[in-house]
Amino acid sequence: MSTSSASAEVSMDAIVSLCKRRGFIFQSSEIYGGINGFFDYGPLGVELKKNIRDCWWNDMVRRRDDVVGLESSIIMHPKVWEASGHVAGFTDPLIDCKVSKQRYRADQLFFAAVVVNGETIGYVSALENERTTEELQEKAEALKRKKAVQGQLAAVQPRDMTEAKPEEIALVPSPATGEPGSLTPPRAFNMMFETFVGPMRDSSAVAYLRPETAQGMFADYKNVVDSTRVKLPFGIAQTGKSFRNEITPRNFIFRSREFEQMEMEYFIHPDADWLKCHEEWLAWCQNWLKSIGLPADHLSLHEHPKEKLAFYSRRTVDIMFKYPFGVQELWGIAARSDYDLQQHQKCSGVPQVYFDEATKQKVVPHVIEPAVGVDRILLAVLCAGYAEEEIKDDKGNVEKRVVLRLSPRIAPVKVAVLPLLKNKEALVGRAKELYKKLQRRYAVSYDDGGAIGKRYRRQDEAGTPWCVTIDFDTIEKDGTFTLRERDSMQQKRISEAELFALLEEQVY
RNA sequence: GCGGUCGUAGUUUAGUGGUAAAACCUCUGCCUUCCAAGCAGGUGUCCCGGGUUCGAUUCCCGGCGACCGCACCA
């Protein structure tokens, strides 16, 4: 038996299909036609996702002395989101030009009526810049000439499109085409999901589903400082669902409207070397991704250019992953300065300080934030691990093998226990005994259906790193069984003790 | 949100104005001493809602969903 190398290009269709076929990921509410941007994790998917989350939690929280955990509520006081800037930042009204397909922020697109002899003869528009008014005036004069209207042209009165009346919008020319009639009314693209707390649906009851978990850590910063014995620098970490009303969810689970984040806010002294700290966390995150099996050659870095940094950020570097649909952001490591704590201090009136014993001064810490999406990591390990191989059997027949090369750390099933023959009670009995014993510590699977080769292939598609097969030698001779390795398809005989030692070493 | 393409078993695909097919998967039984073997049997499909028609999975309209571009992604 020999194998050829895996096909270079992995198609998303193949991965989506495998996910459904084997029970990793389903489209949400499929029996009702599906709902755009929402997904369900099936039996294998939920194990994989939980393993990713647990690995992160163990490495980020339990195995570190300087990071503590938190689970904050999904719905928080609406003022949290005013303080964070999300209420203002997520509600820009946008205008589309139906002809040019351009999209404009309504508050950045200006228009003015062209008035000659007190009569409106048309409208002009211009994008916001240093000389918007002059530009509008020039366009107004041009329009007057074009329409060959005689008389006194009034000075233009620029207004932005948020103030435009519906009948005016129809007459304002698109900046792209110069022709009226193609602009849509300003539409609020509110990225936050709104809901109502309590049974009364009035405006005072409006609340939001969190668009990030970070604010929970900031809002509870003081509680953590006061209830634990943390000293700067320290981190607060949490995993949990976040919600964003994305305009266009796309690329399977990559951009969805309900997703799960793993974020950690690392609080440092304002005088500390934040750049160095930022670099350290960047390295930590890269190493962690490798530890769960992502190949280094699929990872790259993207430094956000200074002019494009979010208002709270001093520096942001994204760890990018090469997905089949392109190189995309996986993990953002942002230096958030003291923006968030300062905002909450200001808006709540509660000091968000830390008492520095060394200098006897109260300081507001700065923050380094590594923020990653569980779903994006999960998709990355699926894309990196998926392979279709050409297998040649002993007779020279070529057949296809689909295999998911998942790290043992995160594989949904660690070991499959297989009796070589289903109709031999002794084999089945021993296999079930081992299965039960493994089950106490590991996610394992038992399979006695069909031929042995078929069962191996079934486990390959599930990403199970090892299969053990109980045969007559196991029960009649030395008790060893066959260990079959997923990636190499190599087999060797090992004892039960050796199996547990292997798992102890590889699954952590 | 716009434009294009598309929507048939779990998956991948045939096909039709007269209610539909194959392969693989899955399930049951037999067999089987290590890589999707064989034999027998079973479950299961035309995205949803209107319209045209004697009759719609097929044609038309609307919706929903998917993919690809554009735009968006504090």
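Throughout, read-outs are computed from the coordinates displayed, never taken from laboratory work. Only a predicted model underlies this, so the values are computations on that prediction, with no experimental measurement involved. As a convention, Cβ positions derive from the backbone with ideal geometry for all residues, glycine included, and neighbour counts pool all protein chains shown.
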query: Taking only Cα atoms, what is the 0 to 90° angle, nearest 10, from helix A:339-348's long axis to the longest principal axis of chain A?
result: 70 degrees
- prompt: Under 5 Å between amide H atoms, partner at least 5 residues away or on a different chain: which partners does A:VAL114 have, H built in plane at 1.01 Å?
  reply: A:ILE121, A:GLY122, A:TYR123, A:VAL124
field: Inter-probe distance in nm under a simple model that places probes 7 Å from Cα toward Cβ, at A:ALA501 and A:LYS79
entry: 6.2 nm
query: What number comes out for the charge environment of A:VAL61, summing +1 per Lys or Arg and -1 per Asp or Glu over other residues with Cβ under 13 Å away?
result: -3
By average C-beta atoms within 10 angstrom, highest first, the peptides A:437-444, A:29-36, A:126-133: A:437-444, A:126-133, A:29-36
message: What does the charge count around A:THR359 come to, taking other residues whose C-beta lies under 14 Å from its C-beta (Lys +1, Arg +1, Asp -1, Glu -1)?
response: 0
query: Hey, how many Å between the Cα centroid of region A:140-181 and the Cα centroid of region A:390-429?
result: 71 Å
field: Sequence-distant aspartates and glutamates (8 or more away, or on other chains) whose Cα lies within less than 19 Å of A:LYS424
entry: A:GLU433, A:ASP447, A:ASP448, A:ASP471, A:ASP473, A:GLU476, A:ASP478
- line: Checked against a 25 Å limit on the C-alpha separation, the offending pairs among A:LYS144/A:LYS165; A:LYS322/A:LYS492; A:LYS20/A:LYS492; A:LYS222/A:LYS360; A:LYS50/A:LYS392; A:LYS437/A:LYS477 are A:LYS322/A:LYS492; A:LYS20/A:LYS492; A:LYS50/A:LYS392
statement: Contour minus Cα-Cα span, A:ASP40 to A:GLU433, at 0.36 nm per residue, comes to 138.2 nm
- request: With the cut-off at 16 Å, report for region A:94-182 the share of all Cα pairs above it, as a whole percent.
  value: 49 percent
query: If you look at just the Cα atoms of region A:262-328, how large are its Rg and its Dmax in Å?
result: 13.6, 43
- request: Starting from the Cα of A:ASP54, step 7 Å along the direction of its Cβ; do the same at A:GLU357; then give the gap between the two resulting points in nm.
  value: 3.7 nm
task: Obtain the radius of gyration and the Kirkwood radius of chain A from its C-alpha atoms and give Rg over Rh.
output: 1.10
statement: Hits in region A:451-469: amide N under 16 Å from the 7 Å Cα→Cβ extension of A:GLN490, namely A:465-467
field: Cα principal axis extents for region A:214-298, largest first, Å
entry: 42, 32, 21
- prompt: Hey, what does the equivalent ellipsoid look like for region A:413-506, semi-axes from the Cα gyration tensor as sqrt of 5 times each eigenvalue, largest first, whole Å?
  reply: 17, 16, 13
statement: FRET efficiency (A:GLU119, A:ALA176; Cβ distance; R0 41 Å; to 0.05) is 0.90
- request: Enter the angle in degrees (range 0 to 90, nearest 10) between the Cα long axis of helix A:274-291 and the first principal axis of the Cα atoms of chain A, meaning the one along which they spread out most.
  value: 40 degrees
- prompt: Equivalent-ellipsoid semi-axes (√(5λ), Cα gyration tensor) for region A:348-474, whole Å, largest first?
  reply: 50, 22, 10
field: A:TYR386 long-range amide H proximity, modeled H, under 5 Å
entry: A:ARG405
- prompt: For labels at A:ARG401 and A:ARG159 in the simple 7 Å Cα→Cβ model, what's the distance in nm?
  reply: 7.1 nm
message: For the ranges A:143-155, A:281-293, A:410-422, what's the packing order if you count other beta-carbon atoms within 10 Å of each residue, average per peptide, and put the highest first?
response: A:410-422, A:281-293, A:143-155
- request: Add +1 for every Lys or Arg and -1 for every Asp or Glu among the other residues with Cβ under 14 Å from the Cβ of A:ILE494, and state the total.
  value: -4
- prompt: Do any trypsin sites (Lys or Arg not before Pro) in region A:190-249 lie in a DSSP loop with no more than 16 other beta carbon atoms within 10 Å, and if so, which?
  reply: A:ARG201, A:ARG229, A:LYS231
